[in-house]
1. Of all residues in the range 135-145, how many are open to solvent by 10 Å² or more (accessible area, probe 1.4 Å), in contact (Cβ under 8 Å) with a residue 12 or more places away in the chain and at negative phi?
2. Need pairs with beta-carbon distance below 6 Å; first residue open to solvent by less than 60 Å² (accessible area, probe 1.4 Å) and within the range 1-27, second among the β-branched types (Val, Ile, Thr) and part of a helix (DSSP H, G or I); sequence gap 6+ or separate chains.
3. Take the range 28-43 and flag every residue that is free of Cβ contacts under 8 Å to residues at least 24 places away in the same chain and surrounded by 13 or more Cβ atoms within 10 Å (Cβ to Cβ).
4. Quick one: count up the residues across the range 111-128 that are without any contact (Cβ under 8 Å) to a residue 60 or more places away in the chain, over 20 Å from Asn193 (Cβ atoms) and touching a helix residue (DSSP H, G or I) at 6+ places or on another chain (Cβ under 7 Å).
5. Which numbered condition in (1) out of contact with any His (no Cβ under 9 Å at 6 or more places or on another chain); (2) within 27 Å of Thr127 (Cα to Cα) is the only one that Leu87 fails?
6. Go through the range 115-125 residue by residue and tally those that are in a loop (DSSP other than H, G, I, E, B) and among the acidic types (Asp, Glu).
7. Determine which single condition Gly54 fails, assuming it passes every other condition in (1) within 22 Å of Leu143 (Cβ to Cβ); (2) without any contact (Cβ under 8 Å) to a residue 40 or more places away in the chain; (3) not charged (D, E, K, R).
8. So, of the residues in the range 75-123 that are acidic (Asp, Glu) and within 18 Å of Phe175 (Cα to Cα), which turns out to be surrounded by the most Cβ atoms within 10 Å (Cβ to Cβ)?
Amino acid sequence: MSKIQDTKSENEYWSKRYLDEQTGWDIGYISTPLKEYIDQLEDKNIRILIPGAGNAYEAEYLFNNGFKNTFVLDISSIPLNALKKRLPEFPESHLKNENFFEHQESYDLTLEQTFFCSFEPNKENRTLYAQKMASLLKPNGKLVGLWFNHPLSQDNKRPFGGSKEEYLGYLSPYFEVKLFESCFNSIKPRAGNELFGIFIKK
Ligand SMILES: C[S@@+](CC[C@H](N)C(=O)[O-])C[C@H]1O[C@@H](n2cnc3c(N)ncnc32)[C@H](O)[C@@H]1O
């Protein structure tokens, strides 16, 4: 079993990051690329999952814009409780305090942002991610989001990076690539540093 499948230790690690306020990934609002992608969606009934959602500002945006089948999943209950406080109308049953690798439902769309890059960057973890993401999608379901395109740092610290070619090596066995390019509308601190992708489950 990979460490990322060990729910107890992963929950402890991430919950401690929240308790210690070591949450450098948290930008405090919906990122522009996700917002602009959401703004062009027409069908508000689709089932959407945000895995490794953290404070899930995109879930709040989706819900407030009529996407009532939005689900938020995180291994730590801390950010889920924070979302509940910010948005008490968000249905409790749509807050999934689970390990992504054990989740068993199916969706039309999953949204990625700084989740992939949070796993230790080895072949096993990255393959598990791609397989699991595909298994959570309905046929023709979409995985959409952002992947850092900086190389793995020397000190091997999160966020763990990668290259377009490397990501494609993991994702293309399970997904058709609709788009995977340098992101043109990143938030300023991430400009030039991330790829935006739309992948369709094979
Ligand atoms: C780097 S943070 C990113 C949070 C959020 N996506 C954002 O952009 O602010 C990674 C998140 O994934 C969650 N996480 C890590 N491993 C997980 C797993 N196996 N299952 C579910 N959530 C997980 C952590 O608790 C944390 O909230």
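1. 3
2. Partner pairs satisfying both residue conditions: Ser15/Ile78; Tyr18/Ile78.
3. Those that are free of Cβ contacts under 8 Å to residues at least 24 places away in the same chain and surrounded by 13 or more Cβ atoms within 10 Å (Cβ to Cβ): none in the range 28-43.
4. The total comes to 1.
5. (2)
6. Final tally of qualifying residues: 1.
7. Condition (2) is where Gly54 drops out.
8. Here the answer is Glu112.
The values are calculated or read from the model by the stated rules, or taken from the named source; none is laboratory data. Quantities reported herein were computed from a predicted structural model and do not represent experimental measurements. Positions of Cβ are backbone-derived with ideal geometry, glycine not excepted, and every protein chain shown enters the neighbour counts. Note: accessible area is taken over every heavy atom of the protein model, side chains too, but ligands, DNA and RNA are not part of it. Shrake-Rupley method; radii C 1.70, N 1.55, O 1.52, S 1.80 Å.
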